[in-house]
Amino acid sequence: MAQPTSMIGKFFYRIWKTIDVAGRLLIGLLAIFAFVFLIRGCVKGPDLPTFDKGSALILAPNGVLQEQLTHTDPIQEIINEAQGSPIVETSVGDIVDALEYAKNDDKIKVLVLAPGALQGAYGGISKYQDVRKALADFKTSGKKIIANADNYSQAQYYLASMADEIYMNPQGMMMLEGMGRYRTYYKSAIDNVGVKINLFRVGTFKSAMEPYIRDSMSEAAKEANLEWLGDLWSAMKSEIAQSRGINEAKLDNFINNFPELLTAANGNAGKLTLEQGFVDKLMTRGDFRKYMTELVGMNEKKTTYKNIHFKSYLKAKRPIIELPVGGKNQIAVIVAKGSIVDGSQREGTIGGDSTAKLIRKARMDDKVKAIVLRVDSPGGSAFASEVIRAELERAQDEGKIVVASMGGMAASGGYWISATADEIWAQPTTITGSIGIFGMIPTFQDPANKLGVFVDGVGTTKFANAINPLQDLSPEVRSVIQNMIENGYDEFLALVARGRNMTVEQVDQIAQGRVWSGIDAKRLGLVDELGGLEQAIESAAKLANVEDYSVKQFKRELTEKEIFMKNLLDNAELTGSLQALGSADVKTNPMIQALTNEVKQIINSFSQFNDPNHAYVHCMCEID
């Protein structure tokens, strides 16, 4: 910027230069600050956590259980933390690994299960079941599991029921409510603002977009949802009853007659929970610390009982550097978690190109004898789904075995990418199927016109400016899109028929966009076997005729910037300092927060609709 000649210009120019220099100085100081801590961390090396012999391992899952943690930019993660709105997730794999290490670790005497900060699981209840399975395996060591929380939600109690002893705060309560599928419907709101939803779909049960064209759930959707929700609830209820040594009728009675039971207990929910046998004893926080101190002893600082959090424990037990997988026979595992979107994406979203790249890398590796695709997805772009499936099929054509392992959900596009695998595995509670397709294009002509904004012009054909959000779709464009959607459904049916050795007519009878549980999908022939990832890997090796093999995770390679920031932020001292620079006590009204989250959900949904043909295979069946 040239220096102005006028007095006023010079005045503001000097102010601007002062601000500019100060800003550059601040950025420089922050860069030096970060660099010093990085060098310090590199020279000093990581400080591995230490803990006393005979300690309690604290298993305290926080936030949402995930198959694969969502990628977050490190700097944005710090900002989110400082503003009090971090993305809080816990990896199921981390929990399983910690329990596996602790099972045979003489320094770990007991496991304390503290589920109080658990908010849910992405994609249904199968992740809880994976954790329960790991807890059951831990118990084979003879070590005790003790659960403790102020209150128990249904999901938290589902895990806690695996414990040998369950304690709860006297002022707390345990709430069981069954399972439901409720969505927010926007049709009237959309009509009020004049937005027109142009929906193209195939399938009686393809209800993914109902919230935009209805104010209530259709009868077909209610029928389908109750079917698979019933299977999931039956599984959860049965497992809780078995873990606690009670019959399911007692659980039903507790839920159905909760008001009367609570009245009989004079409104004391803690007392009721104890009397019903769902917890073993009511303890205050102080009482529990005293109990644990008597069990494992006081720590060196004399502040509480001897313990180590499972995340710190993992840092102490896992190798600092991930060792390369050896062996001439390898089973490749590729995780496809999240909505399916066209292009390249980072963890938490399935990119058609980025996932196909991982499959291609495994396909071209001579050591890889089989590929296991771990699917945890409600679907998304039809085009991106086909990009992934086609790459898997090419691997099969070149002699590699492909096995699909379904996690919490593998519906719509999640089923599309699995359909032609050599074998499909699912959990009994996997949400799958939803073989259907839709297209949706919202147009904003009416609200734009009300604001005085109009679109007009000329074109050489009737398809010029065919899709303009400020202009209604012509009958010709509608016809083209509907034909493409119907053709996409026919392709979906054909793929499933070929992959499942069924006729198109047989597939159509169980398709129509209907969602099924894993147990029903097995009965209908949509999956081959029921089981988890471990069983799918074993089956893949068997199909590939290899006995001596190793398992290799194929992951996206981090960029140099990501590696730098990861190493930088692994230093907890630096992270805490940076958080302190921007910390703020942000409190939001719950109603405003709920509405904000609803708006964010709508925006996020639309932002992932990037299929080049506007064709989507998405079940919208996530369970929060």
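In sequence order, segment 138-144 has phi-based couplings of 4, 5, 5, 6, x, 7, 7 Hz under the Karplus curve 6.51 cos²θ - 1.76 cosθ + 1.60, θ = phi - 60°, and Gly or Pro positions carry x. The distance between label points at T263 and S218 comes to 4.2 nm (points 7 Å beyond Cα on the Cα→Cβ vector).
Only Cα pairs under 8 Å and 6+ residues apart enter the sum, and on that basis the relative contact order of segment 326-380 stands at 49 percent.
Do any of K206/K400; K127/K315; K271/K301; K222/K542 go past 30 Å between their Cα atoms, and which?
Among K206/K400; K127/K315; K271/K301; K222/K542, the Cα-Cα distance tops 30 Å for K206/K400; K271/K301; K222/K542.
Between Y182 and K542, what is the label-point separation in nm under the 7 Å Cα-to-beta-carbon projection? Modelled inter-label distance: 4.4 nm.
Exceeding 28 Å between C-alpha atoms, which entries from my cross-link table qualify? They are K143/K281; K328/K555; K311/K552. Among K143/K281; K328/K555; K311/K552, the Cα-Cα distance tops 28 Å for no pair.
Report the extension gain between D287 and R523 in nm, rounded to one decimal, defined as 0.36 nm multiplied by the number of residues separating them, less their alpha carbon distance.
Length gained between D287 and R523: 80.0 nm.
Each residue of segment 370-387 was assigned a 3J(HN,Hα) from its phi angle through the Karplus expression (A = 6.51, B = -1.76, C = 1.60, θ = phi - 60°), giving 8, 10, 10, 8, 8, 9, 9, 8, x, x, x, 5, 5, 5, 5, 4, 5, 4 Hz with x at Gly and Pro.
Each residue, Q506 and E275, gets one label point 7 Å from its Cα in the Cβ direction; the gap between the two is 5.6 nm.
Given 0.36 nm per residue, what is the gain on full extension from V193 to N329 after removing their alpha carbon distance, in nm? List each step's numbers first, then the result.
Numbers: separation 136, 0.36 × 136 = 48.96 nm, distance 6.00 nm.
Contour length minus Cα-Cα distance gives 43.0 nm.
Taking 0.36 nm per intervening residue step and subtracting the Cα-Cα distance, what contour gain separates A136 from M364 on full extension? Working shown, then result.
Working: separation 228, 0.36 × 228 = 82.08 nm, distance 3.85 nm.
Taking A136 through M364 to full extension adds about 78.2 nm, to one decimal.
FRET efficiency for the E534 to E300 pair, using the beta carbon distance and R₀ = 30 Å, is estimated at 0.20.
Distant-in-sequence amide contacts of K144, defined by a placed amide H-H separation under 5 Å and a gap of 5 or more residues or a different chain, comprise L111. Among the chymotrypsin sites (Phe, Trp or Tyr not before Pro) in segment 369-473, those placed in a DSSP loop whose Cβ has at most 11 other Cβ atoms within 10 Å are F454.
Computed from the coordinates by the stated procedures, all read-outs in this text should not be read as laboratory data. Computed from a prediction, not measured in an experiment: that's the story for all the values here. Here Cβ is always computed from backbone atoms with ideal geometry, including for glycine, and neighbour counts include all displayed protein chains.
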